[in-house]
1. Criterion first (among the β-branched types (Val, Ile, Thr), under 20 Å from MET358 (Cβ atoms) and crowded, with 24+ Cβ neighbours inside 10 Å) does ILE659 satisfy it?
2. Looking at ASP176 and the list (1) over 18 Å from ALA258 (Cα atoms); (2) part of a loop (DSSP other than H, G, I, E, B); (3) at pLDDT 95 or above, which single condition is not satisfied?
3. Report, by residue number, each residue of region 622-656 that is in a loop (DSSP other than H, G, I, E, B), surrounded by 23 or more Cβ atoms within 10 Å (Cβ to Cβ) and small (Gly, Ala, Ser).
4. For the structure I just gave you, tell me whether LEU341 is part of a helix (DSSP H, G or I), among the hydrophobic types (A, V, I, L, M, F, W, C) and touching a residue at least 12 places away in the same chain (Cβ under 8 Å).
5. Looking at region 444-495, which of the residues that are among the acidic types (Asp, Glu) and surrounded by 24 or more Cβ atoms within 10 Å (Cβ to Cβ) is nearest to the chain's Cα centre (by Cα)?
6. If a residue has to be at pLDDT 90 or above, of a type in the set (Phe, Trp, Tyr) and under 30 Å from LEU178 (Cβ atoms) to count, how many in region 216-260 make the cut?
7. Within region 226-253, take every residue that is within 41 Å of the chain's Cα centre (by Cα) and aliphatic (A, V, I, L, M) and give me the one that is nearest to LEU95 (Cα to Cα).
8. Report yes if ALA291 is under 29 Å from THR684 (Cβ atoms), in a helix (DSSP H, G or I) and under 24 Å from the mean Cα position of the chain (by Cα), otherwise no.
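The values are calculated or read from the model by the stated rules, or taken from the named source; none is laboratory data. From a predicted model like this one, the values you see are computed outputs, not experimental measurements. In this analysis, Cβ positions are derived from the backbone assuming ideal geometry, glycine residues included, and neighbour counts consider all displayed protein chains.
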Amino acid sequence: MVISESNWLRPFRCAVALLFIAAAQLPAAAQTPDPWRIVADKVDPANYYGVTVANGIMGVVSSPEPFKVKNVVLAGAYDQYGRGRVSNFLNGINLLNMYMEIDGRRLGAADASHFRQELDMQKATLTTTFDYQDKATISYTTYALRHLPYTVLLDVSIVAKKDIALTAASVMDTPDALRDVQNYYNEIDRPHATVRLLTSSAKSPTGKLLLCASTTFLFTEGQGLEPRVIHEMWDNGEHLMKFSKALKAGQTYGYAVAGSAITSAHHPDPLNEAERMTIFARLEGRERLLAFHAKAWQDLWQSDIQIGGDAQAQQDVHSMLYHLYSFSRAGTDYSPSPMGLSGLGYNGHVFWDADLWMFPALLVLHPEIAKSLVEYRFRRLEPARRNAFAHGYQGAMYPWESADSGVEETPVWALSGPFEHHISACVALAAWQYYCVTQDKDWLREKGWPMLSATADFWASRVERNGPGHYDIKNVVASDEWAENVDNDAFTNAAAKVNLQNAAVAAKLLGLRANPDWALVAQNIPILKMADGVTQEHATYHGEGIKQGDVNLLAYPLNVITDPAQIKKDLSYYETRVPNEGTPAMTQGIFALLYARLGNADKAKLWFKDAYEPNLLPPFRVIAETKGGTNPYFATGAGGVLQAVLMGFGGLDITPAGIAQRKSTLPTGWQSVKITGVGPQRRTYSVSR
């Protein structure tokens, strides 16, 4: 499919300059970036933003310090503590810290020369290597095992350059915020194996949850007798198990630490279950664990985006896919927060970020993973009904910030909680899109329809009926969150219309009777325009700067505005209203997508790069929320950029009949895009210049 392109580029303030500045702040890249591996060989601990190894349940965040892990995060583990008096993500028990001594010296950052970390996105591994003097080369690789949702593995190798005395320890650290810590050590002897278990349990700050973790050593066969393991208590929050080994010059010695972490949010008996899963990993053995992990990621990467003509974009797009795949998992009712499993950002809460920004990319590439995101919303439909009731409305009103229970979790000082109502329409859009892609009528009847009809009932009760064409939606926070307590916000109104229309179509598909009021309301919700014909963001909007996309979302994903001339007019106006700093990295992805659909290759390239390059942080090119921001990894922004590639450059379109491909154009400089493993049929779509 060969697409023509425009050949003009309208300058936009200092966007290009910002790209050069951002690039200058990053480590020098290889001449041709590797499509799958990102190497950090010049690590500055003062300017280091870690990368996450995750499996959709557990997230392990890297550290610039040898043998250390910054965070261990578990999806679904929340308790009320700290800022905001709301449920927050918890730092889990850190089960992957370790230490190493060579000839009696405890190795630290000052002892590590040629320190290097490499993220292999294809295999989902993070490998750290360094030299200690002229005595040894140490390497260790971190895995969040994809096939075992609660289990991680640390694989260690030491190459002795001289005769050395080695002592290695697995350290269990319990964060200070947890309480009532209990530490255990057990050895289970069997004829062919000894299982050593280093275990800790602790309660969350209010006592709501019990968090448990357990680790064991895996010694490689063929290296002689297993060494004697010693348990040491350091203090109540930290204990360890260690062993010693004499190595000869030229000898390579390996061992691994396997560990499991789980909470009472995941299992009614987390202490015993953590140890059971660790025993399972020990008796499976290193080779089987790594083989199953590799196979799971090989299957995930059957759904891929292959770019011709821009090697750096290829690496970056793989990084975005890697993070979305890492932060989500099929077979759950978990939905990712804006920062995924990369830490405690945004308290781990679920916003429209999941439904509108991350979900579509997952849906077209892995519907089975996307199903978990809509399952999260379905399981929390009843709290949404109660929320609507409390605010005097019918149907279901989803909370702006959601955690485990599905009640409103927005801190009270933020106005978005009571007023950012478009979230309900975003939930409904995701449910409808899931049906469109899968064509699963049983799911639509059982789960999609309850969400679509309840949210449609909400909008029918939410509008204020002031005559034909004036079924107003007043007093909302717009998707442009700088617009607080405004009337007739463009995105809110249009999303409500789409919600009402899709609910009616779903009723017809299922042979059910749609509420006739839905069509009446949808026909009379206004979409405002300014005197020059530009779609007006809200009733009192007069050209001020915007935090993020609002009007332009009516063209995509809502498809409420379809006339190319109107889309272009709105783009030309609002692209000049987004400041260069302080705004989240989603809007520019929509600009790139729409310009690609309009056939403007130069603008598509400009906005694609501006969507994320100024937000990249060293040493792994992780995406911060804003230009100059320091809070990676911003999975929402990755979702927006991936939609630009999939639905913009690749031309994919989610229609009531399934996934289709429409005419589009590649950004300037790109030669091709090939998208594999699309939809339930795992089809391939290509665009070439």
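1. no
2. The single condition ASP176 does not satisfy is (3).
3. Selection gives GLY650, GLY651.
4. Criteria not met by LEU341.
5. Restricting to residues being among the acidic types (Asp, Glu) and surrounded by 24 or more Cβ atoms within 10 Å (Cβ to Cβ), the top hit is ASP480.
6. Count: 3.
7. Among those that are within 41 Å of the chain's Cα centre (by Cα) and aliphatic (A, V, I, L, M), it is LEU240.
8. When the stated conditions are applied, ALA291 does not pass them.
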